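First up is the structure itself, then whatever we jot down about it.
No value in this document is a laboratory result; all are computed from the given coordinates. Note that the structure is a prediction, hence the values are computed from the model and not measured. Neighbour counts run over all protein chains shown; Cβ positions are idealised from the backbone, glycine included.
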Amino acid sequence: MLRKKKLSKFKGKRIDQFNRISEGLINRGYKEKLLTVTTLKANVMAILIFLPIYMICCLLFHMIYKDNYSYPMLNSVFWIVVVIGIVVHEFIHGITWGYSCKKGYKAISFGFELSTLTPYCCCSEAMPFKNYALGCAMPTIILGIIPYIIGLILGNYYYAMFGGLHILCGGGDMYVLWLIRKNYNSIIVDHPYLVGCVAFEK
């Protein structure tokens, strides 16, 4: 059971929803396990873990096309598209989770964390591990891995760099997947204000 802190009314509402789900599952014999990190720690871990992967992506593209490619400048339009992609990233979370929720997209909410300048998506409904994990991974797959592979195949520098940057942006989600990897038999509930979730297992 989570206690309300000095949070916005929207986060307070999500805490109430979480507590109702948590109480119901505990009454049915489930035990809860907190699997969360702060937004700041998630971002730091993403950089530490996935910056080397991004660098490998850049190096691989260079190794393949170094003899016959003139690298264009990554101009302001490119960076605007990358920023828009960060927002789309959260919508992909919401679309994937909402599709598997009983309440549909009414269970999904979005917001922006001013302290870390980070947009976020939160699901207020419990779901099986595979559904939660898919929702975590899907933005990195759609915005990161697929564009990078397309860019690598076509020799398109913009596609490859866009994909590489969004693989880096998905580092926090991949860190959450690492945290929950042993809880594949659990019911997962998204945490109302921290990055990550709470796993409930009998």
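Tabulated results
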quantity	calculated
Rg(Cα)/(2.2 N^0.38 Å) for the range 82-156, N = residue count	1.23
Cα convex hull of the range 25-201, projected area averaged across orientations, nm²	11.0
Partner aspartates and glutamates for Lys103 [C-alpha distance under 16 Å; skip if fewer than 8 residues away on the same chain]	Glu125, Asp190
Order of Met63, Met138 under a 10 Å beta carbon neighbour criterion, fewest first	Met63, Met138
Calculated SAXS-style log₁₀ I(q)/I(0) at q = 0.17, 0.19, 0.29 Å⁻¹ - the range 132-194, Debye, Cα scatterers	-0.62, -0.71, -1.13
Violating pairs (Cα-Cα greater than 19 angstrom) within the set Lys33/Lys106; Lys33/Lys182; Lys102/Lys130; Lys41/Lys130; Lys31/Lys102	Lys33/Lys106; Lys41/Lys130; Lys31/Lys102
Relative contact order %, the range 25-201, counting alpha carbon pairs below 8 Å whose residues are six or more apart	34
The range 31-99 and the range 154-195: distance between their alpha carbon centers, rounded to Å	9
With Cα atoms, 0 to 90° folded angle of helix 157-169 axis to the chain main axis	30
Sorted by Cβ neighbour density within 10 Å, fewest at the top, the residues Asp173, Asp190, Asp16	Asp16, Asp173, Asp190
Loop-exposed chymotrypsin sites (Phe, Trp or Tyr not before Pro) per DSSP, neighbour cap 16 Cβ within 10 angstrom, longest uninterrupted part of the chain	70-183
Cα-based helix-to-principal-axis angle, 39-65 vs the chain, degrees rounded to 10	30
The chain, helix-only ellipticity at 222 nm - DSSP H runs n ≥ 4, -39,500 (n - 2.57), divided by all residues, nearest 500	-19000 deg cm²/dmol
Candidates Cys136, Cys101, Cys122: whichever shows maximal mean-square fluctuation once the chain is modelled as a Gaussian network with Cα springs under 10 Å	Cys101
